[in-house]
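Please read the structure below before turning to the comments.
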Amino acid sequence: MKRIELNIKVRSRLESFLRGIDPKFAANPALESEWSIPPDEMSDFKNSINNLANQAKEERLHQYIIDNTDLVSFLSGSPWLASKSQVRDLTVLADSWFGQYQERDGVVIERDTETAGDGKLYDFQVVPAGTPFEFRAVVDICDRLIDSQQFPSPEGQLFNHHLELRWKKQGELYKVLLLTTLKLEPGFEPVGKNWEFLDRNAHQYSATDSRFPQGFTSDDVKIAQRYFRDSSTATVHFVALTIPK
């Protein structure tokens, strides 16, 4: 199952649940007139702040979007706000599947008439009903570590000036990558031999950028990028985050 299809299904279920509590919690993304901020309303508000200085205009627009966006769009995105969540492609748990598909028949529905297309048939493959999949969802921004009983998360990264540690859960185990300028830590196997690194400044988004509705805890985040390059071929293989001294 692909992530786009699953994202839609997750969002649809969440909308249905929240509308049962309060219709204001979940706008209708299918109809512009039922968006939490319809296009006409957004256009009118932009015109109303058009005489402000650029910074003030950006701040007012950011706050307006945050104050008027429904809960589902706040998480899953809208035309004015990027999604904060990602659902990975679902993969079948290998130990629970015998490796065979079922064939299903389908028919093309004409967009204009909403009827079956003449002679437009196709086949598609599905796994048997009840086959378990691995589900993983990721939220883009986290401003603090979760408590030690829940850590580590299925996927994430930590970094300081000397190293970046990445991990990803695979089955019952974790796959870990350590990118460091220091001596190799015990228990890790080296990847390649002839590495050199270059530090480069990183660009920081504005604290009022509407793509990050929670904002930032600091306006002065000191962060940089470290390129790990094969000295023999000058090819960059890894880009790590680091904190400049």
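Values computed for the structure shown
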| quantity | calculated |
| --- | --- |
| Leading residue by the ranking (farthest from THR242 (Cα to Cα)) among those in segment 159-203 that are of a type in the set (Val, Ile, Thr) and assigned to a loop (DSSP other than H, G, I, E, B) | VAL191 |
| Cross-chain or 6+ apart pairs with Cβ under 6 Å, segment 83-112 first and closer than 30 Å to LEU71 by Cα, then among the polar types (S, T, N, Q) and modelled with pLDDT of 80 or more | SER83/SER76 |
| Residue, farthest from LEU18 (Cα to Cα), within segment 35-73, restricted to residues that are of a type in the set (Gly, Ala, Ser) and surrounded by 16 or more Cβ atoms within 10 Å (Cβ to Cβ) | SER36 |
| From HIS203, HIS161, residue being in the same structural domain as ALA234 (by TED's automatic domain parsing) and under 20 Å from the mean Cα position of the chain (by Cα) | HIS203 |
| Tally, over segment 93-125, of residues that are closer than 30 Å to GLY171 by Cβ and either in the same structural domain as GLU172 (by TED's automatic domain parsing) or not in a strand (DSSP E or B) (or both) | 9 |
| Set PHE45, PHE74: member being closer than 25 Å to ARG13 by Cα and in a helix (DSSP H, G or I) | PHE74 |
| Neighbours by Cβ (under 8 Å, 6+ apart or cross-chain): first from segment 171-199, within 13 Å of VAL236 (Cα to Cα) and without any contact (Cβ under 8 Å) to a residue 40 or more places away in the chain; second in a strand (DSSP E or B) and among the hydrophobic types (A, V, I, L, M, F, W, C) | TRP195/PHE228; GLU196/PHE228; PHE197/PHE228 |
| Conditions (1) out of contact with any strand residue (DSSP E or B) (no Cβ under 9 Å at 6 or more places or on another chain); (2) modelled with pLDDT of 85 or more; (3) surrounded by 11 or more Cβ atoms within 10 Å (Cβ to Cβ); number of the one not met by LEU81 | (2) |
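The values are calculated or read from the model by the stated rules, or taken from the named source; none is laboratory data. Computed from a prediction, not measured in an experiment: that's the story for all the values here. Please note: Cβ atoms are built from the backbone with ideal geometry, for glycine as well, and neighbour counts cover all protein chains shown.
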